[in-house]
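K.L.:
Below is one structure. I have some questions about it.
All of the numbers you see were taken from the coordinates with simple rules; none came from a lab. This is a predicted model, so every value here is computed, not measured. Positions of Cβ are backbone-derived with ideal geometry, glycine not excepted, and every protein chain shown enters the neighbour counts.
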Amino acid sequence: MILANNLSTLWSSIIIDELIKSDVTHYYISPGMRNAPLVQSLLQRRDEVSLFLGVDERAQSYRALGNAKATGKTSALICTSGTALANYTPAIIEAKKSATPLIVLSADRPIELATSDANQTINQVHFYGHHILADNCLGAPTTEICPQVIRNTVDHLIFRSRYPIKGPVHLNIPLREPIDMTEVHIDEDYVERAKSGFKKSFQTKYFPPTQGLSPLAKESIAKIIKDNPKGLLVVGSLPCSLDKEIIKAFIQKLNWPVFLDISSSLKYNYSIRDNIIPTFDHSEVYEQMSRVKPSAIIHLGGRTTSKHYYRFLEEFADIELISVNWSEEKEDPSQNTDYRMICEVDQFCLEMCEHIQPSENPIRINWSEFTQKKCQLIEESPLSYPVISKKIIDQIEDKQSLYIANSTVVRSFDNYLSMESTKDIDIFTNRGVSGIEGLMASALGAAESMNKYMTLVIGDVSFLHDLNSLQLIKDSKTPMCIVLVNNSGGGIFTLLPIAKEEALLPYLTTPHDLTFESAAEQFSIDYIKVTSTSSFEEAFQNAQKKKNTILIEAIVSNEENIEVYNKLKTVKL
């Protein structure tokens, strides 16, 4: 397990050993030579870790992000020096904003080269700035630094990736040549001290403080709930690693109406008959909620997709607003939060279930006719985003996984709620900063960590951003279904008032005339093009049965898509 050929391999083997002891088991390796000692150390531990290779650093970083979102565990990225770690930046930003644990292990040249304009050098110290939770640079390997320092540094960074809020950390590792297995004498006493660390189960074990609610907090929230029988529960973005059953038990016990964001992963556990608010983004629903105006709102988790929910909070600033989330971020777009509970959402729900009584006279609105009208209109519409999101939710198997891209895709799913059927689906999104890159890689990373078939729904612009990830998908043993909605550009902008600016619009939508059969063929991925609702249904049903890797390209007329959305806006209660 220990590689003592030279100081670079020795330090690398110590770093990898302590990471494994800290339960870091998934490593996403990008090409290069300076990181060779780290990779060599991993190869010595192949039976204990999962290694994932990839050419493109950006794709690899999103792949690691998807894995960490699915597992809640810290994933590791390993790269060489220079621009390699810069290519991780978008995923690092998403990880920070979505509280997803990652550690970047960037190999570097020693300081005498890094500060002398040697080839493939940049200043890698504190490279990610405020986009990470913690970082460290060990300095080049030397016997002047004892092995325990290396282990303590690793332990502390992993702890910071997990507490007080999860997120990315960075360890920069300058390595002096030789970086291969060349033998260079190391003082025997130093090697023996290094070996002693391999015999320990860990160097430093961290025990975070108890994350439960204080008695005062429980008493305060219980009183608010008791004093506000006409309340509303909102569930925003939640990590999939939380215990959904505990949150569902709280929903049932509270007996308030619930607005479930798509990124809560709970939306399709319920139907409209369960006193669920269908959406805030439809004028009829917004006006009805304004009429019945809840006196208090408990908001579990992070941001919602709906900006009209925040408009509602701004318009009715007198509503008592309680936010519950384990986060250091302000997370208050409406600027109206009255109480902030710093607590894991499932822990809050578990503790509060013991201190509350169900509301005996909650707000109840019959949304059934409204929802039925919407569903009927969608069923009668040509192939479009609303049709695709409805058909996928209707047909996807229970206990499967769904990765939903940004822009129109996520809003389409967020606005759909079933009349009667319910399904327990693990839903993933990249809503930290809502970027449109890296989504195929993210979905693959999540799929590889779960024993479930993954469906990714993605728009054409996002697909173009992440074409490199088709190679990762081709080489992976994990099958997935990619539903590519191609409306020839960034169609979301044509649904907004800015669409009236005809001269400006092409610069926003980046129109194109591409289809992607050749891309699928290039990477030996099964492909089918669909242009109608019936052909889409058939293709998606077949994918669900076969569970093969397939690209389903749904060709959507943007004009027809706009028309469907305009008709949906006219549906009345």
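K.L.:
Treating the angle as unsigned and between 0 and 90°, give the value, to the nearest 10°, between the Cα long axis of helix 188-199 and the longest Cα principal axis of the chain.
P.N.:
30
K.L.:
Another question about this same structure. Relative to the longest principal Cα axis of the chain, at what angle does helix 57-71 sit, 0 to 90 degrees, rounded to 10?
P.N.:
Helix 57-71 sits at roughly 70 degrees to that axis.
K.L.:
Gap in Å between the Cα centre of the range 277-304 and the Cα centre of the range 358-376?
P.N.:
Distance between centres, Cα-based: 13 Å.
K.L.:
If you wrap a convex hull around the C-alpha atoms of the chain and split its volume per residue, what is the figure in Å³?
P.N.:
Considering the Cα atoms of the chain, their hull volume per residue is 159 Å³.
K.L.:
While we're looking at this one, here's another question. Which angle from 0 to 90°, rounded to the nearest 10, does the C-alpha axis of helix 533-546 make with the longest principal axis of the chain?
P.N.:
Once rounded, one gets 40 degrees.
K.L.:
Would you tally the net charge around Thr337, using a Cβ to Cβ cut-off of less than 9 Å, leaving Thr337 out, and scoring K and R as +1, D and E as -1?
P.N.:
Value of the local net charge: -1.
K.L.:
Can you tell me the dipole magnitude for the range 204-302 around its Cα centre, using point charges on the Cβ only (Lys, Arg +1; Asp, Glu -1), in Debye to the nearest 20?
P.N.:
For this selection, approximately 300 debye.
K.L.:
Another question, then. Fewest to most neighbouring Cβ within 10 Å: what's the order for Asp475, Asp117?
P.N.:
Asp117, Asp475
K.L.:
Sticking with this one: Say the cut-off is 29 Å between C-alpha atoms; which of Lys97/Lys223; Lys21/Lys253; Lys244/Lys569; Lys244/Lys390; Lys97/Lys248 go over it?
P.N.:
Lys97/Lys223; Lys21/Lys253; Lys244/Lys569
K.L.:
Of the options Cys375, Cys137, Ile436, report the single residue whose Cα projects farthest towards the positive end of the charge dipole of the chain (beta-carbon charges: Lys, Arg +1; Asp, Glu -1).
P.N.:
Final value for the positive-end residue is Cys375.
K.L.:
A further question on this structure: Given H placed on each backbone N at 1.01 Å, which residues far from Met454 in sequence or on other chains put an amide H within less than 5 Å of it?
P.N.:
The answer is Cys481.
K.L.:
Further question: Given 0.36 nm per residue, what is the gain on full extension from Asp117 to Thr422 after removing their alpha carbon distance, in nm?
P.N.:
Computed gain between Asp117 and Thr422 is 103.8 nm.
K.L.:
Work out the charge dipole of the chain with +1 on the Cβ of Lys and Arg and -1 on the Cβ of Asp and Glu about the Cα centre, then indicate which of Ser30, Val234, Ile122 is farthest towards its positive end.
P.N.:
Sorting the options by dipole projection puts first Val234.
K.L.:
Let me ask you something else. Taking neighbour counts of Cβ atoms within 10 Å as a proxy for exposure, in what order, fewest first, do Met289, Met450 appear?
P.N.:
Met450, Met289
K.L.:
Per the Cauchy relation, a quarter of the hull surface: what is the mean projected area of the convex hull of the alpha carbons in the range 423-573, in nm²?
P.N.:
10.9
K.L.:
Which value, in debye to the nearest 20, describes the size of the charge dipole of the chain about its Cα centre when Lys and Arg Cβ atoms bear +1, Asp and Glu Cβ atoms bear -1, and nothing else is charged?
P.N.:
1060
K.L.:
Kindly put Val285, Val49 in sequence by how many other C-beta atoms sit within 10 Å of each C-beta, fewest to most.
P.N.:
By the 10 Å Cβ count, ascending, the order reads Val49, Val285.
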